[in-house]
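Everything on this sheet refers to the single structure shown next.
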Amino acid sequence: MTITYRSYLRLPELLDLQSPLSGVHDELLFVTIHQASELWMKLCLHELGEARRRIAADDLPPALKMMARVSRIQTQLIQSWEVLATMTPADYAAMRGSLGQSSGFQSDQYRCLEFILGNRNAAMIDLFDEPAVRERLAAELAVPSLYDEALRLLARRGLPVPAERLARDFTVTAPPSPAVEACWATVYAQPHAYWDLYELAEKLVDLEYHVQLWRFGHLKTVERVIGFKSGTGGTAGVPYLARVVSHRFFPELLDVRTSL
């Protein structure tokens with residue numbers, strides 16, 4: 001069979017997946033933005049999972065490339081809020097009833113992305129009923145995060161990362177550690193001696209920077225479109241998103257900037 005552009009990308013099936021329920025003009029915009037975001041998140045998870053594996057194998061160059069790619073993907077996700085923000089409060093109100101209780105809070109891919117970056121909370125798995133989704137999220141919680149693997153690499157390179165930070169309960173978010181911050185301070189103080197670790201640190205910071213911009217873009221778009229109403233999934237809306245933005249994935253890498 002001849003492979004065409006349409007058949008390779010399965011365009012008939014893909015373009016049939018946008019199925020607005022309300023008949024309101026702007027619902028197609030809403031569906032398209034969120035489906036496209038899920039595709040970008042799928043690629044983020046693909047890249048970050050392999051980057052983590054490469055870091056664990058002391059194979060940093062491809063891991064750094066993959067992390068840089070995810071930061072660029074985040075730029076696309078950030079820009080998607082600009083498009084969605086063209087929806088006015090009246091536009092959204094006209095179609096909101098068709099959403100039922102569905103909410104981005106229920107995105108298992110977003111939850112997996114938070115988990116792989118190190119924001120871990122086993123209770124979040126209870127949001128999902130599908131066994132396959134629960135199994136996937138539980139499997140992610142059972143292994144070190146991307147940042148955990150970065151710290152294990154520092155330890156293998158002779159930096160004094162505390163043993164309790166390397167072997168711990170991965171289902172919870174690790175608290176900031178002054179000892180870990182001191183390890184990163186050594187890397188930043190001697191970049192030529194630790195050049196690849198220095199690059200790794202900067203790629204992690206760049207990744208956090210872009211994810212936080214994405215989170216902030218979400219907050220401001222929701223604020224613009226629905227104000228301070230509750231979210232469709234039962235969250236507090238903007239106040240909830242503000243708490244999300246306040247979370248840091250790699251706190252020692254941000255704290256070390258104050259002490260350098």
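Structure values in brief
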item: Test result for ARG69, more than 15 Å from LEU43 (Cβ to Cβ) and either in contact (Cβ under 8 Å) with a residue 12 or more places away in the chain or more than 14 Å from the chain's Cα centre (by Cα) (or both); result: no
item: Enumeration of residues in segment 115-124 that are at pLDDT below 95 and either assigned to a helix (DSSP H, G or I) or aromatic (Phe, Trp, Tyr) (or both); result: ALA122, ALA123, MET124
item: Yes/no for ALA174 being surrounded by 19 or more Cβ atoms within 10 Å (Cβ to Cβ), under 20 Å from the mean Cα position of the chain (by Cα), modelled with pLDDT of 95 or more and farther than 19 Å from MET41 by Cα; result: no
item: Members of segment 48-85 that are crowded, with 17+ Cβ neighbours inside 10 Å and within 15 Å of SER145 (Cα to Cα); result: LEU48, ALA51, ARG52, ARG54, ILE55, ALA56, ALA63, MET67
item: Residue check, LEU43 closer than 29 Å to TYR240 by Cα, touching a Pro at 6+ places or on another chain (Cβ under 8 Å) and modelled with pLDDT of 95 or more; result: no
item: Helices (runs of 4 or more DSSP H) wholly inside segment 127-176 that include at least 1 residues being without any contact (Cβ under 8 Å) to a residue 12 or more places away in the chain and over 14 Å from LEU197 (Cβ atoms); result: 131-141, 163-166
item: Residue in segment 25-41 that is in a loop (DSSP other than H, G, I, E, B) and either more than 24 Å from the chain's Cα centre (by Cα) or aromatic (Phe, Trp, Tyr) (or both) present; result: yes
item: One residue from VAL187, VAL180, VAL211 being of a type outside the set (S, T, N, Q), over 25 Å from the mean Cα position of the chain (by Cα) and buried (at least 17 other Cβ atoms within 10 Å of the Cβ); result: VAL187
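The values are calculated or read from the model by the stated rules, or taken from the named source; none is laboratory data. All figures in this text were calculated on a predicted structure; none of them were measured in a lab. For neighbour counting, all protein chains shown are included, and Cβ atoms are generated from backbone atoms with ideal geometry for every residue, glycine included.
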